Amino acid sequence: MNDSTNKEPMKIGDKMEDGTVYAGISPDTGRAMYAAPADVHFGDARARLSLGKAKWCAKQFQLGGKDDFRIPSWRELNELFKSKDEGALKGTFNTAGKDHRGSWYTSSSTDHVLAVWQQRFSDGAVNNYDKFDVSSVRLVRG
C-alpha cells in the first residue's frame, strides 16, 4: 500500500490508504488520477448505466472520506484501459468480450448532444453511443 507520505514513487495500480487505486496522471488535469477500486455497483451486481444515471451516481459516491469522484473523460478512460492489468486494477474491469455490452465503459466526453464516447475493455475499441445506452462505469478523482 502506498500513500503520499511514502518516499517511493507511486506505481500505476498501487492501492491507496483511502481505498482508491493510483491510475497515473490525468491527461486532462495533469494531476494524479485515482480510480475507484470497482465499477459502480447496485447491491451485489455491477451496474450498467446511462450517462445521466452515471453522473447522478458519481455525485453520490464516497470512498475513504472523498466525495469528488466523476466519470472519466475519454482520454482518462483510455489511460484506465491501458492500465487495466496493473497492480490492484488487474481483474477489476469487465472484459467479457466483443459482444458483451458490459465490457463497454462510458466516458463523460460527448461528440454532440446525443452521443458519448465509450471504450470496450476487452480489446480497446472506441465508439460513440447514444448517451441513453447503458454501459459499465468506473469513477475517478484527481
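The values are calculated or read from the model by the stated rules, or taken from the named source; none is laboratory data. All values derive from a computational prediction rather than experimental measurement. All Cβ positions, even for glycine, are placed from backbone atoms using ideal geometry, and neighbour counts span all protein chains on display. For accessibility, only protein heavy atoms count, side chains too; no ligands or nucleic acids. Shrake-Rupley method; radii C 1.70, N 1.55, O 1.52, S 1.80 Å.
The table below lists the values:
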quantity: Fully extended contour minus Cα-Cα distance, from Arg70 to Asp111, at 0.36 nm per residue; calculated: 12.9 nm
quantity: Amide H contacts under 5 Å for Ser109, placed H, 5+ residues apart; calculated: Trp74, Trp117
quantity: Amide H contacts of Gly19 (H built 1.01 Å from N, under 5 Å, at least 5 apart or other chain); calculated: none
quantity: Residue of Phe81, Phe69, Phe61 that the Gaussian network model of the chain assigns the largest fluctuation, springs spanning Cα pairs under 10 Å; calculated: Phe61
quantity: Global geometry of the range 12-142, whether rounded, prolate or oblate, following the gyration tensor of its Cα atoms and the 1.5 cut on a/c; calculated: rounded
quantity: Unit charges on C-beta of K, R, D, E only; dipole of the chain, Debye; calculated: 200
quantity: Listed residues Gly52, Gly87, Gly24, most fluctuating in the chain (Gaussian network, C-alpha, under 10 Å); calculated: Gly52
quantity: List Val134, Val116, ordered by accessible area with a 1.4 Å probe, largest first; calculated: Val134, Val116
quantity: The range 51-142 - percent relative contact order, Cα under 8 Å, separation 6 or more; calculated: 30
quantity: Carbon + sulfur, % of accessible area of the chain - ligands and nucleic acids excluded, 1.4 Å; calculated: 49
quantity: Gaussian network model of the chain, Cα within-10 Å springs - most flexible of Trp74, Trp56, Trp117; calculated: Trp56
quantity: Value of relative contact order over the range 17-85, rounded to a whole percent, pairs C-alpha under 8 Å and six or more apart; calculated: 32
quantity: Net charge of Cβ neighbours under 10 Å - reference Asp67; Lys, Arg +1; Asp, Glu -1; calculated: +2
quantity: Angle between the chain longest axis and helix 51-60 axis [Cα atoms, degrees, rounded to 10]; calculated: 30
quantity: Lysine pair count for the chain [Cα-Cα under 12 Å; pairs on different chains or 8 or more apart]; calculated: 4
quantity: FRET efficiency for Arg31 and Asp130, using Cβ-Cβ distance with R0 set to 30 Å, rounded to 0.05; calculated: 0.45
